[in-house]
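The values are calculated or read from the model by the stated rules, or taken from the named source; none is laboratory data. Nothing here was measured: the structure is a model prediction, and the numbers come from that model. A quick note on method: Cβ atoms are made from the backbone with ideal geometry, for glycine too, and the neighbour counts reach across all protein chains shown.
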Amino acid sequence: MQGRDRALALLVPVLWGLNFPATALMLDHYPPLLGVALRFLLLAVPTVLLVPRPAIRLRWLILTGLGLGVLQFGFLYGAIVAGMPAGLASLVLQSSAPFTIILAMLLLGERQSRRQAAGIALSVLGLALIGLVRARSAAWWPVALTLMAGLGWAVGNIGARLARPPKPLHLTLWMSVIPLAPMFLLSFLFERDRILPALGTALTRAALPADLGLLYIVIFASLIGYGIWTTLMSRYPASQVAPWSMLVPVVGVLSSWLVLGERPHPAELAAGLLVIAGVLMASRPPRSGTA
C-alpha cells in the first residue's frame, strides 16, 4: 500500500471512531429511532438526486439496507440511550466480524478454517467477559442490544456480498434509502411524544451539540469515511485494508473518554482486546490446505 493510501487508511478509523461520541451527543437531543431516520434521510436525499442506482437485484439492496440501517443502528442507538457507553459500544460492535463469518458459513456455504474458529471463540470469550463485567456494575441488556447491532451489521454484510455491486460506494449510499420508511414508522409508533419537541427545538442553541453530532455522522463518518474505504477496497486486497478497521474501537474508547468523560473498567478494556485479537485472527485469509 502506498504512503498516501496508508494515511487514508489510517484516517478512516479515526473518522469512524469519532462517530461514537458524536452519536452520544446526537442522542442527547433526538430519540434513537428518529435519530436513525434523520441520519439516513440526510444521506438518502442527495443520493437519490445525484447517484445512479446500483445495478443489483432489489432484494439484495433491501437486505443490505435492513441489516446495516434498520437493525445495526436501531439497536446501537437504543443501546446507547439505554446506558451503553459509546466507547464500549465501539468494542462490542466488533462482534459483527465473527457474526459475518458464521452467517456466511450457514447461509452461503463458505468453509471455516481452524484459525477462524479459534478467532470466533476468542471473540465470544471477550464479549462474554464484557457482559459479565457490565452485569455486575450495571444493566447487561445494553450489551445485548449492541450485540444485536453487530448481528444486524453482519446481515447487511451478507446482503452486500450477495449483491456483488460493480460500484460498492453506490450500494453504500443507496442502502440509506431503505431504512427511511421503517424507521420513521417505528419512531412514530414508539416516540411520537418526543418527535415534535425534538424537531421543534432542533435549531436552538441547546440542540447545537446534537446537530453538530448528526452532521458529523452524515458528512465525515458516512460520506467521507465510507467513500475512502470503498476506494481502498477497490485498489487493494481486502487482507491489506480490513485490519485497519481494528483501530476503530481504539479511537472510539479514547475519543469517548476525552469528549464524554467515559472511563471504562480495566476488565472491559482487557476483554475488548480479546475481541479485537479474535477478529484479527478470524479475518485473516486462510492458508491453502487449511480446513
The one condition Gly74 fails out of (1) under 22 Å from Leu25 (Cα atoms); (2) at pLDDT below 90 is (2)
Of the residues in the range 184-241 that are part of a loop (DSSP other than H, G, I, E, B) and surrounded by 13 or more Cβ atoms within 10 Å (Cβ to Cβ), the one that is modelled with the lowest pLDDT is Tyr236
Only one of (1) crowded, with 20+ Cβ neighbours inside 10 Å; (2) of a type in the set (A, V, I, L, M, F, W, C); (3) at pLDDT below 95; (4) over 26 Å from Ala267 (Cβ atoms) does not apply to Ala55, and that is (1)
For the range 139-155 the number of residues that are outside any helix (DSSP H, G or I) and not small (Gly, Ala, Ser) is 1
The number of residues in the range 246-289 that are in a helix (DSSP H, G or I) and either acidic (Asp, Glu) or modelled with pLDDT of 80 or more (or both) is 28
Any hit, the range 29-46, residues being in a loop (DSSP other than H, G, I, E, B) and crowded, with 24+ Cβ neighbours inside 10 Å: yes
_Quick check on Trp174: is it touching a Leu at 6+ places or on another chain (Cβ under 8 Å), assigned to a helix (DSSP H, G or I), aromatic (Phe, Trp, Tyr) and within 27 Å of Arg57 (Cβ to Cβ)?_
yes
When every residue in the range 109-148 that is in contact with a Lys or Arg (Cβ under 7 Å, 6 or more places away or on another chain) and touching a residue at least 40 places away in the same chain (Cβ under 8 Å) is compared, the one nearest to Leu68 (Cα to Cα) is Val143
Considering only helices (runs of 4 or more DSSP H) wholly within the range 58-105, the ones with at least 1 residues that are within 11 Å of the chain's Cα centre (by Cα) and crowded, with 24+ Cβ neighbours inside 10 Å are 72-81, 86-92
